[in-house]
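Working notes, beginning with the structure itself.
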Amino acid sequence: MTRFLLPAVVFVLFVLEGTWFQIFVPAMEERDYTLVPRFVLIAVVLISIFRGPGIGVLFGVTLGVLYDFVYTDLLGIYMFSLGFVAYISAFTYTAVRISYLWQMVIILSAIFIFEWMTYGLYYVIGYTDMLFEDFFLIRLVPSWILNGAAALLLLYPFQRLFRKLDEYEALQQR
């Protein structure tokens, strides 16, 4: 039963990211910035930190494929980007696992790299014509602030979840 807990939590974040957020945030025409929630990215980075790069990349690629099928017309952009960011953010050191500050730095860096990478890939293939300056001010900075606040809210529950999973795995091995 507990082996399905982590995928279930991440899937709930995926659903919340796509539905709940659209209800409570006004349409783009009413404001000069775009807020893009990345709750799943935050979860994937935390999985990479606490469970290792292999599990993080597996979650990243799987959820990236899900993103590609549900939200985009191009397959592979989110799959590659989420998997790559999961791999480069897998700092499994004990100092990182116990420090909220290091986790926040890694998460904020991962959000920046992910957003920049997806924008760059879309720009290179001609899917978007937005200039980087506009992208930076309209989308990246507001989304970075929003996801930083979301990361602050998700850090403690995820740390507790990973501790409980570790305890359960230790009990199973006895």
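Readers should treat all values here as calculations from the given coordinates under stated rules, not as data from a laboratory. This structure is a prediction, so every number in the text was calculated from the model and none was measured. Backbone-built Cβ (ideal geometry, glycine too); neighbour counts: all protein chains shown.
Going by the alpha-carbon gyration tensor, a ≥ b ≥ c the square roots of its eigenvalues, is region 60-111 rounded (a/c under 1.5) or, if a/c is not under 1.5, prolate (a/b greater than b/c) versus oblate? Before the final figure, lay out the partial values.
Details: a/c = 3.50, a/b = 2.79, b/c = 1.25.
In terms of gyration-tensor shape, prolate.
Sticking with the crude label model, points 7 Å out along Cα→Cβ, report the distance from residue 55 to residue 134 in nm, one decimal please.
If labels sit at residue 55 and residue 134, their model points lie 4.3 nm apart.
Under a plain spin-label model, where a point goes 7 Å from the Cα along Cα-to-Cβ, how far apart in nm are residue 109 and residue 11?
Here the modelled spin labels are 3.3 nm apart.
Among 135, 24, which comes first, then next, by fewest other beta-carbon atoms within 10 Å?
Details: 135 19, 24 6.
Arranged by neighbour count, lowest to highest, 135, 24 become 24, 135.
What value, in deg cm²/dmol to 500, does the helix sum -39500 (n - 2.57) over DSSP H runs of n ≥ 4 give at 222 nm once divided by the residues of the chain? Please list the in-between numbers first.
Details: 8 runs with 125 residues, N = 174.
When only DSSP H runs of four or more count, the value is -23500 deg cm²/dmol.
Just grab the label-to-label distance for residue 19 and residue 102, each label 7 Å out from Cα along the Cβ direction, in nm (one decimal).
3.7 nm
Would you mind checking the tilt of helix 5-18 against the longest principal axis of the Cα atoms of the chain, expressed as 0 to 90 degrees and rounded to 10?
20 degrees
Please find the FRET efficiency linking residue 94 to residue 171, where r is the Cβ-Cβ separation and R0 is fixed at 22 Å, and quote it to the nearest 0.05.
Details: r = 21 Å, r/R0 = 0.97.
The computed FRET efficiency comes out at 0.55.
Given R₀ = 22 Å, FRET efficiency for residue 123-residue 33 by Cβ-Cβ distance, to 0.05?
Working: r = 19 Å, r/R0 = 0.87.
About 0.70, to the nearest 0.05.
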